[in-house]
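Let me begin by presenting the structure, written as C-alpha cells, before commenting on it.
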2 protein chains.
Amino acid sequence: MNASAPRSEDARPAQATQRRPGGRTARIRAQVLGAVRAELGERGYDGLTMESVAARAGVHRATVYRRWGDVGGLLADVLDAAGEDDWQPPDTGSLSDDLAALNHEIQAALTAQPPIVTALIAASFRSEKASCAQQRLFQDRYAQCEIIVSRAIRRGELLPDTDARRLLIAATAPVYHQLVLLRIPPDPHLPGHAARTAALAASAGAFAEPPSAEPPSVGGT
Amino acid sequence: MNASAPRSEDARPAQATQRRPGGRTARIRAQVLGAVRAELGERGYDGLTMESVAARAGVHRATVYRRWGDVGGLLADVLDAAGEDDWQPPDTGSLSDDLAALNHEIQAALTAQPPIVTALIAASFRSEKASCAQQRLFQDRYAQCEIIVSRAIRRGELLPDTDARRLLIAATAPVYHQLVLLRIPPDPHLPGHAARTAALAASAGAFAEPPSAEPPSVGGT
C-alpha cells in the first residue's frame, strides 16, 4: 500500500515525444505532479508554491493556476494520481504473509527518502483538499486490500463473516502509529509481527463478530 | 491516555491568590499554557502567536518570549505539562476492560471539542520542539500503561514474557489510525473491539515471542 509514492513515469522529462490526442494534457499533468512531489520531498509543504512548481515543471504559471487552483489542489491531485496506478495487494498464498508484505510496503513508503509520503500526510493537516484526497486514497487502498481477506476466506483460513476492514486496519495501524505519531525509528520486525498478530486474532475469531449497530462509515458508498 | 487534554487547574484566572514561594511562576505558567490551549482549540496552529497568547493570558509579552522563546516552545511546554499530571491507567480487573477503557479515553481526547489534542498532533508536524515533546509524552504514557500488562500477568491472564509495549500499541493504534489518519467518524464500538482483539491475540501468545534482534527504541532511557 505504497499509497502515494512517486510513480516513475511521472518523472519523465518535458521532451517526451507523446503526440497522441490528449498527450499534451497528460504530459503537463505528469510534469506538474512530478514537480510537486520533488518540491515536497525537498522542502515540505512550507516550501511548496504554485510558482516553484510551475518553474520546476517548466509549465506556464497561468496553466498551473487555471488547472489546479492552489497548492491544496496540487496536493489533492498528487494523491488522486497515486490512486490511479495499477497497484495490486500482495498475493503470497497466506493471510499472514500477505499482511506482512503489505506492512513492509507501508513501512518502506513511510521511511522513503525523500519523504514524500510523510510530507503528504503532514500536508493533510494543513489543506482541506489534501485531507479529503488522502481520505479517498486510504479508502480506495483498504477497499482494494479486502481481496486479501476474501482469498483467506476462500482458502479456509478465516470464517466467512470476517470483517475485512477491521482486520486490515488492525494489521496495518501499528506501522502507521509507530512511524507517523510515535515517530520511533522503524522496527524491521514490526511489519511481520503486526501482520502475524492480526492473523492470529482473526483465526481466533476476533473479526467475526456480528456487525455493530453503527459500523464505521468506511464503505465509501 | 488522555495525553494532552487540558487540565482544569491551568484555566484558573490570573486573580488566583497563590502567594507561596514559586506561586507566581507557577501561576504565570498555568495562565500561559491555558491560553495556548484555548488559542489552539479556537484557531489551530496557524492562529497561534506569542502575542495572542500573551494577551489572552494577561502576561507581559516579554515574559512569554523570555520563558518560552517561540511558539514551538509554548507547544512543547503544553505537552510536557500534560505529562506532569497524576493520570493513572485504568484498573478494571481485566486486561480487555483496561484496554477498552484506555481506548475510550483516547477516542474521547481525539474527538473532544475544542480539538486541542488533534491541534497538538497537527502542530507536531510543523514544530520540531512540539514533535519532540509529543514523542516524550507518548513514551511516558505507554510506559505508565505497562502496568496494565504486568497486572494481567500477575492475574495469570498473560504469559510472563509478554511484550507490554507491542501489546499496548496493537490495542491502541487502530483508534489513532482511524481518527487521525483515516479521519473516519468515530466508531463507538472501535475502542472495545480493538481492545478485545489485542487481548485475544495476547492470550493466544502473539506478544510472547522471543525479543527481536533489533527491538524498537521505545525505552526512553
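Go through (1) outside any helix (DSSP H, G or I); (2) buried (at least 20 other Cβ atoms within 10 Å of the Cβ) one by one and return the number of the condition A:Pro160 breaks.
Unmet for A:Pro160, out of (1) outside any helix (DSSP H, G or I); (2) buried (at least 20 other Cβ atoms within 10 Å of the Cβ): (2).
Which one of B:Ile153, B:Ile148 is away from chain A (no Cβ under 14 Å) and open to solvent by less than 10 Å² (accessible area, probe 1.4 Å)?
Sole residue among the options that is away from chain A (no Cβ under 14 Å) and open to solvent by less than 10 Å² (accessible area, probe 1.4 Å): B:Ile148.
Here is a list: B:Ala173, B:Ala130. Which entry is away from every other protein chain (no Cβ under 11 Å) and buried (at least 16 other Cβ atoms within 10 Å of the Cβ)?
B:Ala130
Answer yes or no: is there a residue in the range A:26-41 that is at pLDDT below 95, surrounded by 13 or more Cβ atoms within 10 Å (Cβ to Cβ) and in a loop (DSSP other than H, G, I, E, B).
Scanning the range A:26-41, I find no residue that is at pLDDT below 95, surrounded by 13 or more Cβ atoms within 10 Å (Cβ to Cβ) and in a loop (DSSP other than H, G, I, E, B), so the answer is no.
Yes or no: A:Pro191 facing another protein chain (nearest Cβ under 7 Å), in contact with a helix residue (DSSP H, G or I) (Cβ under 6 Å, 6 or more places away or on another chain), part of a helix (DSSP H, G or I) and at pLDDT 95 or above?
No: the conditions fail for A:Pro191.
Which one is least open to solvent (accessible area, probe 1.4 Å) among residues in the range B:85-127 that are more than 15 Å from the chain's Cα centre (by Cα) and among the charged types (D, E, K, R)?
Result: B:Asp98.
The values are calculated or read from the model by the stated rules, or taken from the named source; none is laboratory data. These figures come from a predicted structure and were not determined experimentally. For neighbour counting, all protein chains shown are included, and Cβ atoms are generated from backbone atoms with ideal geometry for every residue, glycine included. Note: areas computed on protein heavy atoms with side chains; ligands, DNA, RNA excluded. Shrake-Rupley method; radii C 1.70, N 1.55, O 1.52, S 1.80 Å.
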